[in-house]
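Some notes on the structure that comes next.
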């Protein structure tokens, strides 16, 4: 995300009137920042550890390189004299990646973030399309600025969501409630796809070891619908932490899930 935001800042810098950059250069920077803003979303799809480093090298970076090919081909063909005017298939590549990566967040508390973030990328992409290049004209800087504002608004929404979850975690008096908050936090960060996979993995332990509880969309629940006791949670907690440790620090998880640590620094948002 930091790298993506730096490209957005760089684009805004090049678009300033005193820089007097050609439209070709500005459009190239705008398109590059739009594609780079996809990288945090795509990274989340392969976020499980170990393996995230390989995902960066063999999925995220090749994706960025492939998406730049149509733009570089067009710019080199015009000798950097004309702004980007990408065809439908080239733009659809970005749109497909955007839909696949943000779709998993819909239905979670990160839905607002996903919609704002996607809208911001689409606005940044608009001046580079065939329709945008002919109709926006001199207004393309304003359109790109609007896209940047939507990206910042999305980050503000994400920050507010995190603060709310951490406040709930600090206030949760029981282990069961803290499990539910951590589970909701996980879902908001990693989306429905990872939530479902982790849920199935934990419940696989439940079946093999014959627990009286199961991991549901809202947390750990008894098979009969009742509230689990602390004794019933003890064995599932070990598996729950073990599976989530592929995504979060194990020490943080143990601290956050302990009802005696409401005021621990681990439960505060830095």
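Taken together, the values in this text are just the output of simple stated rules run on the coordinates, not laboratory data. Keep in mind that this is a model prediction, so the values were computed, not measured. Heads up, the Cβs are rebuilt from the backbone with ideal geometry, glycines too, and the neighbour counts pull from every protein chain shown.
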Query raised in the report: Taking other Cβ within 10 Å of each residue's Cβ, how do 80, 183, 57 sort, fewest first?
Result: 57, 80, 183
Query - Euclidean distance between Cα centres, the range 1-80 to the range 158-191, Å - result: 32
Query raised in the report: So for 190, 166, fewest C-beta neighbours within 10 Å to most, what's the order?
Result: 166, 190
Report task. Averaging sequence separations of C-alpha pairs under 8 Å and six or more residues apart, then dividing by the length of the range 80-197, give the relative contact order as a whole percent. Result -> 32
Requested in this report: Return 149, 19 ranked ascending by Cβ neighbour count within 10 Å, so the fewest neighbours appear first.
Outcome: 19, 149
**Report entry** Contact order relative to length of the chain, as percent, for alpha carbon pairs under 8 angstrom and 6 or more apart
**Finding:** 17
Requested in this report: Give me the percent of Cα-Cα pairs in the range 2-162 that sit more than 26 Å apart, rounded to a whole number.
Outcome: 26
Report task. Find the relative contact order for the range 172-267 and round it to a whole percent, using C-alpha pairs within less than 8 Å whose residues are 6+ positions apart. Result -> 32
Query raised in the report: So what's the angle, to the nearest 10 degrees on a 0 to 90 scale, between helix 230-244 and the longest Cα principal axis of the chain?
Result: 30
Report summary line: By the mean-Cβ-within-10 Å protection proxy, highest first, 96-105, 209-218 rank as 96-105, 209-218
Query raised in the report: Summing -39500 (n - 2.57) over the DSSP H runs of n ≥ 4 in the chain and dividing by its residue number, what mean residue ellipticity at 222 nm do you reach, to the nearest 500 deg cm²/dmol?
Result: -22000 deg cm²/dmol
**Report entry** With Cα atoms, 0 to 90° folded angle of helix 140-171 axis to the chain main axis
**Finding:** 10
Requested in this report: For the chain, find the longest principal axis of its Cα atoms and tell me its angle to the long axis of helix 2-14, 0 to 90°, nearest 10.
Outcome: 20
